[in-house]
């Protein structure tokens, strides 16, 4: 009985320590979430391999800021422009991962699919939370754009024709970067000097992103996850009342200067209402907005990041709609 009591005591102490660790820091939960996210991203990337067209060249791991080990980017382009001075309209894609996970490598195959349709496509790495907090990724992506301009010819980048794109947390970062470029007061609030002029941005492509922190639902099965990632990214448990983090709700700061945008999310994505909200806000300012949403009863239900699945009708349809949007730009 004494041995049993001793074992139970150790078990209770262990549970208490684990519980306390989850209360004092977002790191324990983040590491669990990151493991699951990375596994899913790897599977999605592998499934895309068969869709990658021939005739796509690449430049991998360009360092866009030598002072930061997290600052690298990949460039993909049609092979027929290799060894030439030709430049192409450039899609800069910011990967997702809820601000706490993900790398440019995970979206490389999708970037190659886009590049095969006649574009230069850039995948950008940035620092993830909790290691680095808001608005570090916004600053990093802005720096990456400056690097692309300075190295435009070598990288086959047409610096007069950029489209910024992103998925999930990357869509949020991309939207913020474009708003920094478009709205001087917003750039001032984030203390960022834009690397591009608004005239250099032809459009935006946003999949499955969050754009309004004030309207996230912190109850229910998705609530615990949101609390963890927002605590991680903001750097504080009190993210709802943090004045600096208020600027993360980019939907509240957009104006008619925002570029034409293509916005989409699946019908079973918990963040779908946020995509609809941003689309409505932009349209109310007179911005040209092309949307792809689905009926609530669409089957099979389209989960978060549905667009990366090119083995289903909805994923292929999203790609075609995006390509039509890019062509119009």
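A quick yes/no check of all residues on (1) in contact (Cβ under 8 Å) with a residue 40 or more places away in the chain; (2) over 30 Å from residue 202 (Cβ atoms):
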residue: 230; (1), (2): no, yes
residue: 240; (1), (2): no, yes
residue: 267; (1), (2): no, no
residue: 282; (1), (2): no, no
residue: 285; (1), (2): no, no
residue: 292; (1), (2): no, no
residue: 307; (1), (2): yes, no
residue: 313; (1), (2): no, no
residue: 321; (1), (2): yes, no
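Criterion first (out of contact with any helix residue (DSSP H, G or I) (no Cβ under 8 Å at 6 or more places or on another chain) and touching a residue at least 40 places away in the same chain (Cβ under 8 Å)) does residue 329 satisfy it?
Details: out of contact with any helix residue (DSSP H, G or I) (no Cβ under 8 Å at 6 or more places or on another chain): yes; touching a residue at least 40 places away in the same chain (Cβ under 8 Å): yes.
Judged against the criteria, residue 329 is a match.
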#### Entry: Failed item, numbered, when residue 118 is tested on (1) without any contact (Cβ under 8 Å) to a residue 24 or more places away in the chain; (2) at positive phi
(1)
### Task
Only residues that are touching a helix residue (DSSP H, G or I) at 6+ places or on another chain (Cβ under 6 Å) and under 24 Å from residue 263 (Cβ atoms): list them for region 140-159, please.
141, 142
### Message
Can you report the number of residues in region 194-218 which are closer than 25 Å to residue 239 by Cα and either in contact with a strand residue (DSSP E or B) (Cβ under 9 Å, 6 or more places away or on another chain) or surrounded by fewer than 19 Cβ atoms within 10 Å (Cβ to Cβ) (or both)?
### Response
9
### Task
Among the residues of region 177-216, write down those that are touching a helix residue (DSSP H, G or I) at 6+ places or on another chain (Cβ under 6 Å) and modelled with pLDDT under 95.
216
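Residue 129: within 14 Å of residue 165 (Cβ to Cβ) and crowded, with 24+ Cβ neighbours inside 10 Å, yes or no? Break it down stepwise before answering.
Working: within 14 Å of residue 165 (Cβ to Cβ): no; crowded, with 24+ Cβ neighbours inside 10 Å: yes.
So residue 129 fails the test.
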### Query
Do you know which residues across region 219-264 are in contact with a strand residue (DSSP E or B) (Cβ under 7 Å, 6 or more places away or on another chain) and assigned to a loop (DSSP other than H, G, I, E, B)?
259, 260
### Task
Say whether the condition of being farther than 17 Å from residue 70 by Cβ and in contact with a strand residue (DSSP E or B) (Cβ under 9 Å, 6 or more places away or on another chain) is met by at least one residue in region 124-138.
no
### Task
Take region 146-171 and flag every residue that is in contact with a strand residue (DSSP E or B) (Cβ under 7 Å, 6 or more places away or on another chain), outside any loop (DSSP other than H, G, I, E, B) and crowded, with 22+ Cβ neighbours inside 10 Å.
148, 157, 162, 163, 164, 165, 166, 167, 170, 171
### Filtered residue count, region 80-113, keeping only those that are crowded, with 20+ Cβ neighbours inside 10 Å, free of Cβ contacts under 8 Å to residues at least 60 places away in the same chain and more than 17 Å from residue 37 (Cα to Cα)
1
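Residue check: is residue 60 in contact with a strand residue (DSSP E or B) (Cβ under 9 Å, 6 or more places away or on another chain), modelled with pLDDT of 95 or more and loosely packed, with under 14 Cβ neighbours inside 10 Å?
So residue 60 fits the description; yes.
I need the full set of residues from region 186-201 which are in a helix (DSSP H, G or I), free of Cβ contacts under 8 Å to residues at least 24 places away in the same chain and more than 20 Å from the chain's Cα centre (by Cα), in order please. First the steps, then the outcome.
Of region 186-201, the ones in a helix (DSSP H, G or I) are 186-190, 198-200.
Next, only the ones that are free of Cβ contacts under 8 Å to residues at least 24 places away in the same chain stay: 187-188.
Listed by number, the list holds a single entry, 188.
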### Query
Out of (1) surrounded by 11 or more Cβ atoms within 10 Å (Cβ to Cβ); (2) at pLDDT 95 or above, the odd one out for residue 21 is which?
(2)
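The values are calculated or read from the model by the stated rules, or taken from the named source; none is laboratory data. In this text the structure is predicted, and so the values were computed from the model without any measurement. FYI the Cβ positions are ideal-geometry reconstructions off the backbone, even for glycines, and counts take in every protein chain you see.
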